[in-house]
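Engineer: Encoded as structure tokens, here's the structure I'll be asking about.
The values are calculated or read from the model by the stated rules, or taken from the named source; none is laboratory data. Since the model is a prediction, treat every value here as computed from it, not as a measurement. Here Cβ is always computed from backbone atoms with ideal geometry, including for glycine, and neighbour counts include all displayed protein chains.
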Amino acid sequence: MLTYMDINTRNIGYKERRYIEELRILTRSVALDCISDERFDRLIYIIKKGDMGLAIGKSGENIKKMQKVLGMKVEMVEFDENRDIFIKNLFKPADILEIVSHEEEKKIDIILKSKSDLGIVIGKGGCNIEKARMACRRIAACEIGEIKTEGQ
């Protein structure tokens with residue numbers, strides 16, 4: 001089995017700590033990590049399990065507030081101790097059928113339920129797959145390999 005990094009033992013830089021604190025002040029929710037993605041001008045927060053509703057806010061108010069304060073797009077993903085559930089959270093609302101691990105290469109393949117979910121997984125300009133790759137490297141200690149649909 002691939003090792004799932006302990007979310008509490010990683011080093012978080014000053015800038016990321018500042019963004020995490022800003023989220024806590026504005027939303028009263030807890031972010032375990034924050035990934036800055038300059039390519040897509042966004043921040044990706046890894047939110048503590050159970051705090052997602054608080055982080056998003058009613059009708060997305062907190063995300064809008066954060067985007068206004070920080071001046072960049074804000075995305076949130078709920079953390080889970082189970083690596084496969086965390087990876088499924090990264091790709092929501094796509095319906096992932098299975099996650100296949102290749103332990104020797106520290107790679108995972110994603111099996112989608114339908115071909116229509118492929119667009120969701122990749123995202124506009126590759127933004128969703130890039131978010132998942134960054135989060136998998138940093139949190140789940142693995143790389144994303146192939147993305148297939150059922151029966152491929």
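Engineer: If we keep just the residues of the stretch 125-146 that are among the acidic types (Asp, Glu) and either within 15 Å of Glu104 (Cα to Cα) or not in a strand (DSSP E or B) (or both), which is farthest from the chain's Cα centre (by Cα)?
Structural biologist: The selected residue is Glu143.
Engineer: Now for a separate question. Can you tell me which condition Ala55 does not meet? The list is (1) of a type in the set (Gly, Ala, Ser); (2) outside any loop (DSSP other than H, G, I, E, B); (3) not assigned by TED's automatic domain parsing to the domain that holds Glu21, and all the others hold.
Structural biologist: So the condition that Ala55 fails would be (3).
Engineer: Answer yes if at least one residue in the stretch 87-96 is surrounded by 14 or more Cβ atoms within 10 Å (Cβ to Cβ), under 25 Å from Asn11 (Cα atoms) and of a type in the set (D, E, K, R), and no otherwise.
Structural biologist: Checking the stretch 87-96: at least one residue is surrounded by 14 or more Cβ atoms within 10 Å (Cβ to Cβ), under 25 Å from Asn11 (Cα atoms) and of a type in the set (D, E, K, R).
Engineer: Tell me the residue from Ile108, Ile120 that is farther than 27 Å from Lys15 by Cα, part of a helix (DSSP H, G or I), over 13 Å from the mean Cα position of the chain (by Cα) and not assigned by TED's automatic domain parsing to the domain that holds Arg28, please.
Structural biologist: Values: Ile108 fails: part of a helix (DSSP H, G or I).
Ile120 is the lone residue from the list that is farther than 27 Å from Lys15 by Cα, part of a helix (DSSP H, G or I), over 13 Å from the mean Cα position of the chain (by Cα) and not assigned by TED's automatic domain parsing to the domain that holds Arg28.
Engineer: Sort out which residues of the stretch 116-126 are at pLDDT 90 or above and in contact with a Ser or Thr (Cβ under 9 Å, 6 or more places away or on another chain), and write them in order of number.
Structural biologist: Result: Leu118, single match.
Engineer: Would you confirm whether any residue within the stretch 65-82 is in contact with a Lys or Arg (Cβ under 9 Å, 6 or more places away or on another chain), without any contact (Cβ under 8 Å) to a residue 60 or more places away in the chain and at positive phi?
Structural biologist: No: the stretch 65-82 contains no residue that is in contact with a Lys or Arg (Cβ under 9 Å, 6 or more places away or on another chain), without any contact (Cβ under 8 Å) to a residue 60 or more places away in the chain and at positive phi.
Engineer: Would it be correct to say that Ala135 is aliphatic (A, V, I, L, M), out of contact with any Ser or Thr (no Cβ under 6 Å at 6 or more places or on another chain) and either modelled with pLDDT of 90 or more or loosely packed, with under 13 Cβ neighbours inside 10 Å (or both)? I'd like the intermediate steps shown before the answer.
Structural biologist: Numbers: aliphatic (A, V, I, L, M): yes; out of contact with any Ser or Thr (no Cβ under 6 Å at 6 or more places or on another chain): yes; either modelled with pLDDT of 90 or more or loosely packed, with under 13 Cβ neighbours inside 10 Å (or both): yes.
Yes, satisfied.
Let's see how each residue does on (1) in contact with a helix residue (DSSP H, G or I) (Cβ under 7 Å, 6 or more places away or on another chain); (2) not in a helix (DSSP H, G or I):
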{"residue": "Glu16", "(1), (2)": "no, no"}
{"residue": "Leu26", "(1), (2)": "yes, no"}
{"residue": "Leu32", "(1), (2)": "no, yes"}
{"residue": "Ile35", "(1), (2)": "yes, yes"}
{"residue": "Ile44", "(1), (2)": "yes, yes"}
{"residue": "Val74", "(1), (2)": "yes, yes"}
